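> Below are the structure tokens for one structure; questions will follow.
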Amino acid sequence: MTTTSDSTSVNAVLLRTASEQAIARAAEDLWPDRHVVLGPPCPSVTSYVCRVTVDQEEVIAKYSWLGLSLVSILRGAGGSWDKVQAAQAAYVQSTELLTTREAQNLAFLRKLGRLRVCDTAGVHGGVLFTRPAPGVALADVLAARPGETGAFLTSVLVAVGELHSTAGATCLREVAPIRERAIEGVFRRKFNGLSATAYLRALGRDSGLPEAKRLEVIELVQTAVGRLLRLADAISSRRDTMVFGDLKPEHVFLDGHRLTFIDPAVQSSAGPQPDVAKLAGRSLLLALGHPQRDAGRQIVHGAASALTRHVAGLPASGRAAYLREVMVLWLMDTVNILTTCLSSPPGLPLAPHQAALVVQARTVAGLVGRVSALLVGSTAGLRLLDAVFSEVEHAAGSYR
Ligand SMILES: Nc1ncnc2c1ncn2[C@@H]1O[C@H](COP(=O)(O)OP(=O)(O)O)[C@@H](O)[C@H]1O
Ligand SMILES: [Mg+2]
């Protein structure tokens, strides 16, 4: 199957083959006397990830192309395939390499001992091998047990709370940050430059959305982006808190009562807001995509109660500003992932929840539009939170 279309700069099959070769070579170098078999890719728009069997043992391999998302590489953000390959050869040798920094993040979190993370099986040739986290991803747990969403999200926030504390912050200098996943950074990279208009206009062109719907989505996103860029100027540029960085329900595994975290992107921030925003926001997207309306609403209620409980633990004077920042970051992250999925070229398999997001793009864009309008208005604090969650609850029941 050929997957290069007019709108695709790099061929998806070439990218997949080169990723598999890099992973196979790294595994054979690390474990020369063992039998290595590569499994199919785990759907990811970010890195090339697949399961690998080494003798009887299963590990998970991750390979990043220039620290960019696979969507960006396929769309030509790194130039032609020849150029990408040449740049990648240098990138794999450099201290910038994302997978090396992720291995350092994992080692650091293990040393800190506050947050259980998956084991590292090896790092070599640009490839990170981790051992499967025990249990089930929280994303699947929430879908199956939506009534317990509030309790699960609270337990995740309590676990990362120790990282957010002064004890976490004192270690900030020890860790190589992974800023590639910073919500605000990604948002500004996508929408603050000259290429933003062209990027927005091309959204969804390979998504299968009807043209009228696609144009509606673009307009809604464009309006929300304008508001969010203005709201972003109010976000503090302090960098005194350590955050997990990519805290979404797909990155937390639950085994009994034990939580194990994967895929950290540790970075400094002006408070825990990016972690809170991503965890709540991605849970809400799961609610919107849930096939049962009541289950979707239960997830929305659970996320609202976890957020209310979390904010109740903060000094009263700072709550309103904190909540507003969480909501701005939540919308930015939602726009980031929505537009990434809508830009996904043919030949890159999406995870089921990402494919669901494309199908529901109009609902999500409508929600982002309405909530961004609330955020530029004068309502604040818990009243704002209530107004926002009414919108989400309405959206969770509207698409079927
Ligand atoms: N150690 C692990 N244990 C269990 N699942 C994993 C592990 N590493 C990766 N995965 C699975 O592969 C997906 C993509 O891997 P991830 O590390 O999140 O890469 P990316 O940087 O592309 O987001 C994860 O969401 C998860 O489903
Ligand atoms: Mg991930």
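> Looking for something more than 19 Å from Ala224 (Cβ to Cβ), crowded, with 16+ Cβ neighbours inside 10 Å and not assigned by TED's automatic domain parsing to the domain that holds Thr17 - is there at least one such residue anywhere in the stretch 378-386?
no
> Hey, can you tell me all the residues within the stretch 170-187 that are under 18 Å from the mean Cα position of the chain (by Cα), more than 16 Å from ligand 2 (Cβ to nearest atom) and buried (at least 17 other Cβ atoms within 10 Å of the Cβ)?
Pro177, Glu184, Phe187, listed by residue number.
> Is it the case, given these coordinates, that Arg189 is charged (D, E, K, R) and free of Cβ contacts under 8 Å to residues at least 12 places away in the same chain?
It is true that Arg189 is charged (D, E, K, R) and free of Cβ contacts under 8 Å to residues at least 12 places away in the same chain.
> Can you find even one residue in the stretch 320-342 that is over 17 Å from Leu157 (Cβ atoms), more than 18 Å from the chain's Cα centre (by Cα) and not in a helix (DSSP H, G or I)?
no
> Here's something else I'd like to know. Of the residues in the stretch 268-302, how many are within 30 Å of Glu174 (Cβ to Cβ) and polar (S, T, N, Q)?
The qualifying residues number 3.
> Turning to a different aspect of this structure: Would you mention how many residues in the stretch 43-91 are of a type in the set (Lys, Arg), more than 24 Å from the chain's Cα centre (by Cα) and closer than 15 Å to Ala24 by Cα? Before the answer, list the steps.
Taking the stretch 43-91 as the starting set, the residues that turn out to be of a type in the set (Lys, Arg) are 51, 62, 75, 83.
Keeping just the survivors that are more than 24 Å from the chain's Cα centre (by Cα) gives 83.
Filter again for closer than 15 Å to Ala24 by Cα, leaving none.
Result for the stretch 43-91: 0.
> Search the stretch 138-164 for residues being acidic (Asp, Glu) and touching a residue at least 40 places away in the same chain (Cβ under 8 Å), and hand back the single one that is nearest to Asn105 (Cα to Cα).
Glu162
> Within the stretch 2-21, is even one residue modelled with pLDDT of 95 or more and within 18 Å of Arg131 (Cβ to Cβ)?
no
> Out of Val13, Val45, Val37, which single residue is β-branched (Val, Ile, Thr) and within 20 Å of Glu102 (Cα to Cα)?
Step by step, each of Val13, Val45, Val37 is checked, and only Val45 is β-branched (Val, Ile, Thr) and within 20 Å of Glu102 (Cα to Cα).
> Given the conditions (1) farther than 21 Å from Asp333 by Cα; (2) without any contact (Cβ under 8 Å) to a residue 12 or more places away in the chain; (3) loosely packed, with under 13 Cβ neighbours inside 10 Å, and given that Ala167 satisfies all but one, which numbered condition is not satisfied?
So the condition that Ala167 fails would be (2).
> When you check Glu102 against the structure, is it of a type in the set (Asp, Glu), part of a helix (DSSP H, G or I) and crowded, with 17+ Cβ neighbours inside 10 Å, yes or no?
For Glu102, the condition - of a type in the set (Asp, Glu), part of a helix (DSSP H, G or I) and crowded, with 17+ Cβ neighbours inside 10 Å - is met.
> Search the stretch 24-53 for residues that are among the aromatic types (Phe, Trp, Tyr) and pair each with any residue that is within 16 Å of ligand 1 (Cβ to nearest atom) and assigned to a loop (DSSP other than H, G, I, E, B) when their beta-carbon atoms are under 8 Å apart and the residues are at least 6 apart or on different chains.
Pairs found: Tyr48/Ser64.
> So which residues in the stretch 237-261 are assigned to a loop (DSSP other than H, G, I, E, B) and either under 12 Å from the mean Cα position of the chain (by Cα) or on the phi > 0 side of the Ramachandran plot (or both)?
Listed by number, the residues that qualify are Phe244, Gly245, Asp246, Leu247, Lys248, Gly256.
> Does Ala89 fit the bill of being of a type outside the set (Asp, Glu), in a helix (DSSP H, G or I) and under 30 Å from Leu286 (Cα atoms)?
So Ala89 does not fit the description; no.
> Does at least one position in the stretch 36-46 carry a residue that is assigned to a strand (DSSP E or B), more than 16 Å from ligand 2 (Cβ to nearest atom) and either surrounded by 15 or more Cβ atoms within 10 Å (Cβ to Cβ) or acidic (Asp, Glu) (or both)?
Yes.
> OK, next. Give Val71, Val49 a once-over and let me know the one that is hydrophobic (A, V, I, L, M, F, W, C), part of a helix (DSSP H, G or I), surrounded by 14 or more Cβ atoms within 10 Å (Cβ to Cβ) and out of contact with any His (no Cβ under 9 Å at 6 or more places or on another chain).
Val71
> Just to verify a result, which residue in the stretch 110-166, among those that are of a type in the set (A, V, I, L, M) and in a loop (DSSP other than H, G, I, E, B), is farthest from ligand 1 (Cβ to nearest atom)? Give the steps one after another, and end with the answer.
The initial filter retains those residues of the stretch 110-166 that are of a type in the set (A, V, I, L, M), namely 112, 115, 117, 121, 123, 127-128, 133, 136-139, 141-144, 151, 153, 156-160, 163.
After this cut, where a residue has to be in a loop (DSSP other than H, G, I, E, B) as well, the list is 115, 133.
On the way: Leu115: 14, Ala133: 4 Å.
Per the criteria, the residue is Leu115.
The values are calculated or read from the model by the stated rules, or taken from the named source; none is laboratory data. Fair warning: this is a prediction, and the values are worked out from it, not measured in the lab. Positions of Cβ are backbone-derived with ideal geometry, glycine not excepted, and every protein chain shown enters the neighbour counts.
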